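Enquirer: Provided herewith is a single structure, encoded as structure tokens, for subsequent inquiry.
The values are calculated or read from the model by the stated rules, or taken from the named source; none is laboratory data. Keep in mind the model is a prediction, meaning the values are calculated, not measured. In this analysis, Cβ positions are derived from the backbone assuming ideal geometry, glycine residues included, and neighbour counts consider all displayed protein chains. What goes into the accessible areas is simple: the full protein's heavy atoms, side chains included, and nothing from ligands, DNA or RNA. Shrake-Rupley method; radii C 1.70, N 1.55, O 1.52, S 1.80 Å.
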Amino acid sequence: QVQLVESGGGLVQAGGSLRLSCAASGRTFSSYHMGWFRQAPGKEREFVAGILWNGGRTYYADSVKGRFTISRDNAKNTAYLQMNVLKPEDTAVYYCAAQSSGNIYLIAAYDYWGQGTQVTVSS
């Protein structure tokens, strides 16, 4: 069992930055691939970014490529999502998730989810 807790969300103006954190407890964090997803009102949850268990490779949705950076610190059991040049369309609840194996892009591949943190970008 892995417990995930997101933090760092908030209200920011367009063009600004936020850094989300995902603190993990429970089983060995370093054995899990991590992903960030988001869900805007009235829309389906979508993949944002993913990182392999050792940080060796990262993956991004086209909509955030070049603006967002996913990283992890296995010594601190924490994953991060640095979000720069934020746009109003980035407004959503952001979730982190963990999986032991599977397609990094697919919601169904993830075994554990946090409760989410709200990100609101004003124009």
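Enquirer: When region 6-29 is examined, which residues are found to be in a strand (DSSP E or B), of a type in the set (A, V, I, L, M) and surrounded by fewer than 19 Cβ atoms within 10 Å (Cβ to Cβ)? First the steps, then the outcome.
Expert: Quick first cut of region 6-29, residues in a strand (DSSP E or B) only: 6-7, 10-13, 18-26.
Those left that are additionally of a type in the set (A, V, I, L, M): 11-12, 18, 20, 23-24.
Within region 6-29, LEU11, VAL12, ALA23 meet the criteria.
Enquirer: Continuing with this model, one more query. Can you pull out the residues in region 102-123 that are over 13 Å from the mean Cα position of the chain (by Cα) and either within 13 Å of GLU89 (Cα to Cα) or part of a strand (DSSP E or B) (or both)?
Expert: THR120, VAL121, SER122, SER123
Enquirer: Take ALA98 and tell me if it is of a type in the set (A, V, I, L, M), closer than 20 Å to GLN39 by Cβ and without any contact (Cβ under 8 Å) to a residue 24 or more places away in the chain. Before the answer, list the steps.
Expert: Working: of a type in the set (A, V, I, L, M): yes; closer than 20 Å to GLN39 by Cβ: yes; without any contact (Cβ under 8 Å) to a residue 24 or more places away in the chain: no.
So ALA98 does not fit the description; no.
Enquirer: Determine the pairs where a residue that is touching a residue at least 12 places away in the same chain (Cβ under 8 Å), located within region 9-28, has a partner that is β-branched (Val, Ile, Thr) and open to solvent by 60 Å² or more (accessible area, probe 1.4 Å) with Cβ atoms under 7 Å apart, the partner being 6 or more residues away or on another chain.
Expert: As it stands, the answer is GLY15/VAL85; ALA23/VAL5, since those pairs meet every condition given.
Enquirer: Answer yes or no as to whether TYR105 is touching a residue at least 24 places away in the same chain (Cβ under 8 Å) and either surrounded by 22 or more Cβ atoms within 10 Å (Cβ to Cβ) or touching an Asp or Glu at 6+ places or on another chain (Cβ under 7 Å) (or both).
Expert: So TYR105 does not fit the description; no.
Enquirer: List the strands (runs of 3 or more DSSP E) that sit entirely inside region 56-98 and contain at least 3 residues that are within 20 Å of GLY116 (Cβ to Cβ). Can you show your working first?
Expert: On the way: elements: 58-60, 68-73, 78-83.
Where strands (runs of 3 or more DSSP E) fall fully within region 56-98 and carry at least 3 residues being within 20 Å of GLY116 (Cβ to Cβ), they are 68-73, 78-83.
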